[in-house]
Amino acid sequence: MFALAAISTLVALAGTLPSEQRRKARYYYLEAARRQAVGEMPEAYEYYKKAYMTDPSYVEAASSYGTSRLMVQTDSMQSGPQLSKSLDLMRAYVDCYPGDLFESRTYAFVASRLDTISETIRIFERIDSLEPGNTVNLLQLSDAYMAARQEDKAIATLDRFEKTEGKSPQLSLKKMSFLLAKGDTVGAVAEADALIASNPREPSFQILKGNLYEVIGDNDSILAAYSRAEKISPDNGAAKIALASYYKNVGDSTAYDNKVYEALLSEDFELEEKLSLLSDYLQTLLDDSSDTARGDHLFSVLMEQYPHEPKVLDLAARYSGAKGDFKDAEEQMGYAIDLDPANVDYWGQLMRFQLADERGGDAVATYHKALGHITPTEPLKLMYASAATLAKDFDEAEKAYAGLIHSINPALPLTDSITDKNARGALNYEGLTKVSSLYNMLGDMYYSAGNLDKAYRAYDNSLFFFPANAMTLNNYAYFLSENNGDLDKAEEMSRKAIEQSPDNDTYLDTYAWVLFKRKEYKKALEYQRKALEAAVAAGTDDNAEFFSHLGDILFMNHEPEEALENWKKALELDPDNELLKKKVAHKTFFYE
């Protein structure tokens, strides 16, 4: 706009002598343009404002002032009334100089955002009359017509676009959406047919028509269109995915399964799309554990298609891990790391498999190996602390937790009780919950090391920072009850944990066990049954301790036969438990 404005200024100077006011306004305007050219926008804004305020009839200054106002990112300047004022300042210039198409488009864009769509249409119609062959203008004009609910004009404008640019799926999709907006489903289908007629051997056009029928809700026509796409190109992955989606929506699980399987084996399908689809599909195979051979075959084919793709290896490893085959998961993950050793997630995934296989020492070794390739993240450090605990390397675990706690506040102790409220006041909510969680994990580690005093102090520190930490409340209560601790304190903490998560099977089990230790056997039985019900609902009823506790509580409630049944269930889940063996063999309760 500046070049046009400068020319108009020179023309004015060549005529009558401008007034002092006009001369000053022009000086401000030119200085503003100079400041804008060197990137000094705040200064440019002030000079444009001075130019306009000095001579409000100066349309160049008014427009530039209005445009620069749009760049002032304050709530007041971006309010509706102020934006409208900016638009008003710009209007005189675009009407005075309709050939300045850049400013006209800017003005039309601002008008469209202010819901003054009639003004947007007026400007784009004028631009179209000046550049009738510019198809970009036609697209903008058609969108403006649609925003004004003038569907017929919008479609007619797209027809003009099509005469110049030819048919394309993007254009047909736009026209179909406009036709559907006016309720013309017949016209939308006719547009899809016209696109197909332009290239009958293109499967994606059939898929587009199927998608249209899906919007309309014509299931039979959806299937026919997708099937035609597959018939045109039998190996087309997109057609198979479209069919799979259809079968899933109509509840035909067998057909869905087959089409997904075919799509994943197809080479006419991008890797990222395959991996996304495969993640969902594998879960269906895992739910039916008898059919994991199909997943194994899929990965063998993918390995042949992408032999050096770490993402495939990563997914293969996760699949093996989900099946419980941690050795194979570790092997696949190792290959992925060899291909991409700088990927932090891959190292973490490998450690997870080793921890799930209860090989803490191997996970510790993996962590140290990873340090040669990556900078460890906080989650990786936490995993290392867990691995060291599992490996019974408690000194290393303590160092790891100390590093994590001291990264929050270097002055925090590990085992001394914290009483300074300033340590708590310096942290926000996220910091309080984080440090509380770390002290809870530290307490669990000390308990595993057999150091009850340190464990209890760590739990106290956890609750000092966040008294509502349900995990700490639960663990602290359980370990007190197991070690002849303060049962009143244990009962109170366990009850608080349940109040926060009344359906948590672990918390319910702890509360029942504390009640059992307090010899409140009837109430203990009530909560232990609730714990088992919650575990069944959550799919976590493979915990031997739940059945063992229930057996003990039933025995003390004078129900020895049912107690024996539950001890037997517990022994099936934990066959090496000597105490359970004694209870089952003698059909009676034994203290440890």
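A few remarks follow.
- Placing a pseudo-label 7 Å from each Cα along the Cα-to-Cβ vector at residue 408 and residue 136 gives an inter-label distance of 5.4 nm.
- Shape category assigned to region 30-74 from the gyration tensor of Cα positions, a/c cut at 1.5: oblate
- Distance between the C-alpha centres of region 249-266 and region 292-366: 26 Å, rounded to the whole angstrom.
- Helix-derived mean residue ellipticity, 222 nm - over the chain, DSSP H n ≥ 4, -39500 (n - 2.57), to 500: -24500 deg cm²/dmol
- The alpha carbons of region 404-451 stretch over 33, 19, 15 Å along the principal axes, in descending order.
- Computed from Cα positions, the angle between helix 101-113 and the longest principal axis of the chain comes to roughly 50 degrees.
- Mean projection of the Cα convex hull over all viewing directions, computed for region 448-547: 6.3 nm².
- Distance between the 7 Å Cα→Cβ label points at residue 592 and residue 578: 1.3 nm.
- Accessible surface, per residue, of the chain when the full set of protein chains is kept, probe 1.4 Å, Å²: 50
- With respect to the chain, whose longest principal axis is taken over its alpha-carbon atoms, helix 41-54 is tilted by about 40°.
- The label point for residue 218 and the one for residue 519, both projected 7 Å from the Cα toward the Cβ, are 8.0 nm apart.
- Taken over the chain, the ratio of Cα radius of gyration to 2.2 N^0.38 Å equals 1.45.
- Surface composition of the chain: carbon and sulfur atoms hold 52% of the protein heavy-atom accessible area at a 1.4 Å probe.
- Straight-line cross-link reach from residue 399 at under 27 Å between alpha-carbon atoms covers these lysines, not counting any fewer than eight positions away in the same chain: 369, 381, 421, 434, 454.
- Once the Cα atoms are used to define both axes, helix 117-130 deviates from the longest principal axis of the chain by about 50 degrees.
- Along the chain, the exposed loop sites are chymotrypsin sites (Phe, Trp or Tyr not before Pro) outside DSSP states H, G, I, E and B with at most 14 other Cβ atoms within 10 Å, and the longest stretch free of them is 1-589.
The values are calculated or read from the model by the stated rules, or taken from the named source; none is laboratory data. If you're wondering where the values come from, they're calculated on a predicted model, not measured in any experiment. All Cβ positions, even for glycine, are placed from backbone atoms using ideal geometry, and neighbour counts span all protein chains on display. We work out accessible area using only protein heavy atoms, side chains counted, and drop any ligands, DNA or RNA first. Shrake-Rupley method; radii C 1.70, N 1.55, O 1.52, S 1.80 Å.
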